[in-house]
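Colleague: This is the structure I have questions about; it appears just below.
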Amino acid sequence: MNTSALHAQLPHTLQQTNLPALGQHYRGKVRDTYRSGDTLVLVTTDRLSAFDHVLTTIPFKGEVLNRLAAFWFERTKHICPNHVLDVPDANVTVARACQPFTVEVVIRGYLTGSLWRDYEKGTHTAYGLPFPEGLRKDAAFPEPIITPSTKAEYGLHDEPISEKEILAKGLASARDWARITEAARGLFAEGQKWARTRGLILVDTKYEFGKVGDDIYVIDEMHTPDSSRYWVADEYEARFAKGEDQRMLDKENIRQWLIRERNFSGQGTPPPIPDDVRVELATKYVAAFEQITGTTLALEPGDVHARIEQNLRQKGYLK
């Protein structure tokens, strides 16, 4: 991949937005959300978060995430309705405001990432699920498992939570939780099926759900390299047999770099991220987009905020 556009975009990455005319503003780890009535305008910035810290920005990351989420929302709308109303800019989704469930629905096909780290430490029991002893890193589960977490406010930590706790705390009714987990399994199966046709394994992912009336909607993002793990499919068996790390096209690359190169896994002050590491992660995100969608992403360096304003104005969202 020619990385010249990625390097050229480093001084122009979208750190934050200032669009008060769009409505009440909420800043998340990655998205800037503006609400007016029952409509949300979600701007996906280039901010990179890991271990519950916002670390830096990655060239074109927001565009990749927003475009890829739109791709997946369109592909899966027959399984579960989603909140998307319009995509007026590469970084922007206009969405239906839903009452969100304060639970992140994490579904996993393999024992890896944070769950593997918990399994090694013996702290994987928080989900209330049975795990046999002696499992190996990156082993496939017989069936995908759901390991929910709390949905923390910006600056706080998400925490593992069991289904029993979710129901006891009233975070979802038994009926809604059953519908949510059914939707999550359907969405994940569809994602895994498509990923396989593109030479990838959708390893695990995170969904968020909301409600309008009695209807359940999938919200936020879907199957992006931020919220999901992707491995190169034809290398999985050989690498697993040798105990080698899988080839990844997702955010786990930066987590592993932080752990191995900087001995950082969330405690204390995050280290600075060098430009070459930022560009390298950007190449992974762009590669994931292009392999999943089968389309080439035309990277155009420049002022992202100015382009967003122009497109929102042209389409009537800004006056």
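Colleague: In this structure, does ASP89 turn out to be within 27 Å of VAL212 (Cα to Cα), crowded, with 18+ Cβ neighbours inside 10 Å, among the charged types (D, E, K, R) and more than 17 Å from the chain's Cα centre (by Cα)?
Modeller: When the stated conditions are applied, ASP89 passes them.
Colleague: Okay, next question. Select the strands (runs of 3 or more DSSP E) contained entirely in the stretch 79-183, then report the ones holding at least 3 residues which are within 30 Å of HIS305 (Cα to Cα) and without any contact (Cβ under 8 Å) to a residue 60 or more places away in the chain.
Modeller: Fully inside the stretch 79-183 and qualifying: 84-89.
Colleague: Do the conditions hold for PHE51, that is, is it in contact with a Lys or Arg (Cβ under 8 Å, 6 or more places away or on another chain), on the phi > 0 side of the Ramachandran plot, buried (at least 16 other Cβ atoms within 10 Å of the Cβ) and touching a residue at least 40 places away in the same chain (Cβ under 8 Å)?
Modeller: yes
Colleague: So is SER149 modelled with pLDDT under 95, within 17 Å of TRP231 (Cβ to Cβ) and of a type in the set (Ser, Thr, Tyr) or not?
Modeller: Against the criterion (modelled with pLDDT under 95, within 17 Å of TRP231 (Cβ to Cβ) and of a type in the set (Ser, Thr, Tyr)), SER149 does not qualify.
Colleague: Something else: Take the stretch 224-238 and flag every residue that is among the acidic types (Asp, Glu), modelled with pLDDT of 95 or more and open to solvent by less than 60 Å² (accessible area, probe 1.4 Å).
Modeller: GLU235
Colleague: Output the number of the condition that ALA69 fails; it satisfies all remaining conditions of (1) assigned to a loop (DSSP other than H, G, I, E, B); (2) modelled with pLDDT of 95 or more.
Modeller: Condition (1) is where ALA69 drops out.
Colleague: For the stretch 17-36, state whether one or more residues are of a type in the set (A, V, I, L, M, F, W, C) and without any contact (Cβ under 8 Å) to a residue 60 or more places away in the chain.
Modeller: No: the stretch 17-36 contains no residue that is of a type in the set (A, V, I, L, M, F, W, C) and without any contact (Cβ under 8 Å) to a residue 60 or more places away in the chain.
Colleague: Could I ask something else about it? Across the stretch 198-220, what is the number of residues that are open to solvent by 10 Å² or more (accessible area, probe 1.4 Å) and in contact with a helix residue (DSSP H, G or I) (Cβ under 6 Å, 6 or more places away or on another chain)?
Modeller: 3
Colleague: A follow-up question, please. Out of ALA195, ALA241, I need the residue that is over 15 Å from ILE107 (Cα atoms) and either in contact (Cβ under 8 Å) with a residue 12 or more places away in the chain or buried (at least 19 other Cβ atoms within 10 Å of the Cβ) (or both). Which one?
Modeller: Going through ALA195, ALA241 in turn, just one is over 15 Å from ILE107 (Cα atoms) and either in contact (Cβ under 8 Å) with a residue 12 or more places away in the chain or buried (at least 19 other Cβ atoms within 10 Å of the Cβ) (or both): ALA195.
Colleague: For ALA184, are the conditions met, namely being open to solvent by less than 40 Å² (accessible area, probe 1.4 Å), at pLDDT 95 or above, in contact with a Leu (Cβ under 6 Å, 6 or more places away or on another chain) and closer than 28 Å to ILE254 by Cα?
Modeller: no
Colleague: Hey, another quick one. Sort out which residues of the stretch 1-45 are among the small types (Gly, Ala, Ser) and in a loop (DSSP other than H, G, I, E, B), and write them in order of number.
Modeller: Scanning the stretch 1-45 gives GLY23, GLY28, GLY37.
Colleague: Let me ask you something else. Mind counting the residues in the stretch 294-319 that are under 16 Å from ARG67 (Cα atoms) and small (Gly, Ala, Ser)?
Modeller: Total satisfying the criteria: 2.
The values are calculated or read from the model by the stated rules, or taken from the named source; none is laboratory data. Note that the coordinates shown come from a computational prediction; the quantities given were computed from them, not determined experimentally. FYI the Cβ positions are ideal-geometry reconstructions off the backbone, even for glycines, and counts take in every protein chain you see. Just so you know, the surface numbers come from the protein's heavy atoms only, side chains and all, with ligands and any DNA or RNA stripped out. Shrake-Rupley method; radii C 1.70, N 1.55, O 1.52, S 1.80 Å.
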